[in-house]
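A quick write-up on the structure given underneath.
Each value in this text was obtained by applying a stated rule to the coordinates, not by laboratory testing. It should be emphasised that the depicted structure is a prediction, and the values quoted were computed from it without experimental measurement. Please note: Cβ atoms are built from the backbone with ideal geometry, for glycine as well, and neighbour counts cover all protein chains shown.
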Amino acid sequence: MTLEPLPENDLTRHRRLREQGSLDRADLDAILDAGFVCHLGVVVDGRPLVVPTVYGRDERQLYLHGSVASRSLAGSTPVCVTVTHVDGLVLARSVFEHGVNYRSAMIHGEARKVTDPEEKLAGLRLLTEHAAPGQWSYARGPNRRELAATTLLALSLEQASVKIRTGAPDDGDGPDAELGLWAGTLPLTWSWGTPEPDPLLPPGLPIPGHIARREGTRHG
Ligand SMILES: Cc1cc2nc3c(=O)[nH]c(=O)nc-3n(C[C@H](O)[C@H](O)[C@H](O)COP(=O)(O)OP(=O)(O)OC[C@H]3O[C@@H](n4cnc5c(N)ncnc54)[C@H](O)[C@@H]3O)c2cc1C
């Protein structure tokens, strides 16, 4: 299936380091699927608020959730959401050329508060499964009171941009190459650790396979 490219408009067009931009929607999907924490930027009472929060997604929308008391989740207001993966440090000959290898996505739009009970449950399922695959059917689902205490926002993935930096420092063929300094990249990887049982668990309860299987696997 051919995916529509990401839009290039006043909101999404890269103005600096444009060569790091990608219009490939598959890159956006890969960045979203590689993480589960985003930063939600929203103006609240005239001031910017940038809130780290968990997300899930389907083909068309990002889902964010939280307490009904969260001012950042009021909805019906412009938001900007970023997802960032740091892949390493770029250590150049000059401090000026130092940088970061990364994959990042930015999504602009107006978040919609999900009120339809079926969509809300489906969105919460996506969100849970995105971070912890297998947990939605393993753990107890939300009851009516818990659902009422939870806000779910949906944000269209239409107005999105992607930026990716890979590779070596940019000063290997400049005058600073003569300095004889080491330069290169220091990769950074994250992996899941060993599950730590709740000390209050009764003895002998095995770790479910969908959790145990993640140990040692890469995150990001
Ligand atoms: C881990 C990390 C560290 C970084 N460190 C620095 C740093 O120290 N200094 C620095 O100048 N830049 C840094 N960047 C790049 C930074 O995110 C911006 O892309 C860059 O600074 C350009 O900002 P701007 O305000 O000129 O954006 P503009 O190019 O004016 O932004 C226009 C549009 O381009 C898109 N866009 C811009 N940046 C991104 C992005 N990162 N991801 C997806 N879409 C984007 C958005 O849709 C935005 O509305 C870093 C990026 C990452 C992920």
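Quick notes
- Length-normalised contact order for the range 18-188 - Cα pairs under 8 Å, 6+ apart - percent: 31 percent
- In this structure, the amide hydrogen of Asp24, modeled 1.01 Å from its nitrogen in the peptide plane, lies closer than 5 angstrom to those of Leu6, counting only residues at least 5 positions away or on a different chain.
- Gyration tensor (alpha-carbon) shape descriptor, the range 113-165, a/c threshold 1.5: oblate
- Between the C-alpha center of the range 94-152 and that of the range 16-37 there is a gap of 18 Å.
- Scaling the Cα radius of gyration of the chain by the globular reference 2.2 N^0.38 Å produces a ratio of 1.21.
- Residue-averaged [θ]222 nm for the chain, counting only DSSP H segments that reach four residues, each worth -39500 (n - 2.57): -4500 deg cm²/dmol
- Multiplying the residue separation of Ala74 and Gln135 by 0.36 nm and subtracting their alpha-carbon distance yields 19.2 nm.
- Protection proxy ranking, peptides 189-196, 115-122, 22-29, average beta carbon neighbours within 10 Å, highest first: 22-29, 115-122, 189-196
- Separation in nanometres of the label points that stand 7 Å from Cα toward Cβ, at Leu205 and Glu59: 3.9 nm
- Label point distance in nm, Arg144-Glu215, each placed 7 Å from Cα along Cα→Cβ: 4.2 nm
- Normalised by residue count, the range 126-220 yields a Cα convex hull volume of 215 Å³ per residue.
- Spin-label model, Glu158/Val86: points 7 Å from Cα along the beta carbon direction are separated by 3.5 nm.
- Net lengthening on full extension, Glu178/Gln20 (0.36 nm per residue, minus Cα-Cα): 54.2 nm
- Scaling the Cα radius of gyration of the range 1-93 by the globular reference 2.2 N^0.38 Å produces a ratio of 1.26.
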